[in-house]
1. Does residue 40 meet the test of being assigned to a strand (DSSP E or B) and of a type in the set (A, V, I, L, M)?
2. Identify, from the list 54, 50, 88, the residue that is touching a Phe, Trp or Tyr at 6+ places or on another chain (Cβ under 9 Å) and either under 18 Å from residue 5 (Cβ atoms) or part of a helix (DSSP H, G or I) (or both).
3. So which of 27, 71, 38 ends up being surrounded by fewer than 20 Cβ atoms within 10 Å (Cβ to Cβ) and either in contact (Cβ under 8 Å) with a residue 60 or more places away in the chain or in contact with an Asp or Glu (Cβ under 6 Å, 6 or more places away or on another chain) (or both)?
4. (1) open to solvent by less than 60 Å² (accessible area, probe 1.4 Å); (2) under 18 Å from residue 19 (Cβ atoms); (3) charged (D, E, K, R): which one isn't true of residue 101, the others all being true?
5. Filter the stretch 4-13 down to the residues that are in contact (Cβ under 8 Å) with a residue 24 or more places away in the chain and either open to solvent by 30 Å² or more (accessible area, probe 1.4 Å) or part of a loop (DSSP other than H, G, I, E, B) (or both) and list them by number.
6. Would you confirm whether any residue within the stretch 114-125 is part of a strand (DSSP E or B), farther than 20 Å from residue 14 by Cβ and either more than 15 Å from the chain's Cα centre (by Cα) or not aromatic (Phe, Trp, Tyr) (or both)?
7. Could you tell me which residue of the stretch 47-73 is modelled with the highest pLDDT, considering only residues that are among the polar types (S, T, N, Q) and under 23 Å from residue 112 (Cβ atoms)?
8. Does residue 86 satisfy the criteria of being closer than 21 Å to residue 129 by Cβ and more than 16 Å from the chain's Cα centre (by Cα)?
Amino acid sequence: MDYLRAYIEDKIDIDEDDWQKITSLFVRKEYAKGEEIVSAGEICQKVYYVSSGVTRMYMIDTEGKDLTFAVNYNKNSYRLDPFAGDYVSYLTKTESDLFCEALCDCVIYEADFVKLDKLYASELKWMTLAKAI
């Protein structure tokens, strides 16, 4: 989670107590290659931080074509958008069109959007972080 901390510290100043507030919101999970992390047809409730491995967000169009929306990658200090999830689905309370799958074995930290929103609303610096994200 070093990258997550660096990402946050690039946006706002945090101390150890602040870091504990953030890390307490995340739950570590492991996913095997090919395992589905998010399913379309559900309202997205979480954000996913890819600590190691590769995931892809994709949708199936009306013609049945598989369209990759995003690749989330975090390996050997190389990162390509290590955050997955459908924030629009959460905000609008509508079913997501997106799936997310592990392309290899992954370690992912999941945080509930509702709990993150409570943190954001608790103090100006967290609102600043939310806006920066």
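1. Values: assigned to a strand (DSSP E or B): no; of a type in the set (A, V, I, L, M): yes.
No.
2. Details: 54 fails: either under 18 Å from residue 5 (Cβ atoms) or part of a helix (DSSP H, G or I) (or both); 88 fails: touching a Phe, Trp or Tyr at 6+ places or on another chain (Cβ under 9 Å).
Every option except 50 fails the conditions.
3. Working: 71 fails: either in contact (Cβ under 8 Å) with a residue 60 or more places away in the chain or in contact with an Asp or Glu (Cβ under 6 Å, 6 or more places away or on another chain) (or both); 38 fails: surrounded by fewer than 20 Cβ atoms within 10 Å (Cβ to Cβ).
Going through 27, 71, 38 in turn, just one is surrounded by fewer than 20 Cβ atoms within 10 Å (Cβ to Cβ) and either in contact (Cβ under 8 Å) with a residue 60 or more places away in the chain or in contact with an Asp or Glu (Cβ under 6 Å, 6 or more places away or on another chain) (or both): 27.
4. (2)
5. Residues satisfying the conditions are 11, 12, 13.
6. From the stretch 114-125, those part of a strand (DSSP E or B) are none; that's our starting set.
Looking through the stretch 114-125, none of the residues is part of a strand (DSSP E or B), farther than 20 Å from residue 14 by Cβ and either more than 15 Å from the chain's Cα centre (by Cα) or not aromatic (Phe, Trp, Tyr) (or both).
7. Filtering the stretch 47-73 down to residues among the polar types (S, T, N, Q) leaves 51-52, 55, 62, 68, 72.
From what's left, under 23 Å from residue 112 (Cβ atoms): 51-52, 55, 72.
Working: 51: 89, 52: 88, 55: 94, 72: 85.
The qualifying residue modelled with the highest pLDDT is 55.
8. Details: closer than 21 Å to residue 129 by Cβ: yes; more than 16 Å from the chain's Cα centre (by Cα): no.
No, not satisfied.
The values are calculated or read from the model by the stated rules, or taken from the named source; none is laboratory data. Predicted model, so just to flag it, every value in this text is computed and none were measured. Ideal geometry is used to build each Cβ from the backbone, glycine not excepted, and the neighbour counts take in all protein chains shown. Just the protein is used for accessible areas: all its heavy atoms, side chains included, with ligands, DNA and RNA removed. Shrake-Rupley method; radii C 1.70, N 1.55, O 1.52, S 1.80 Å.
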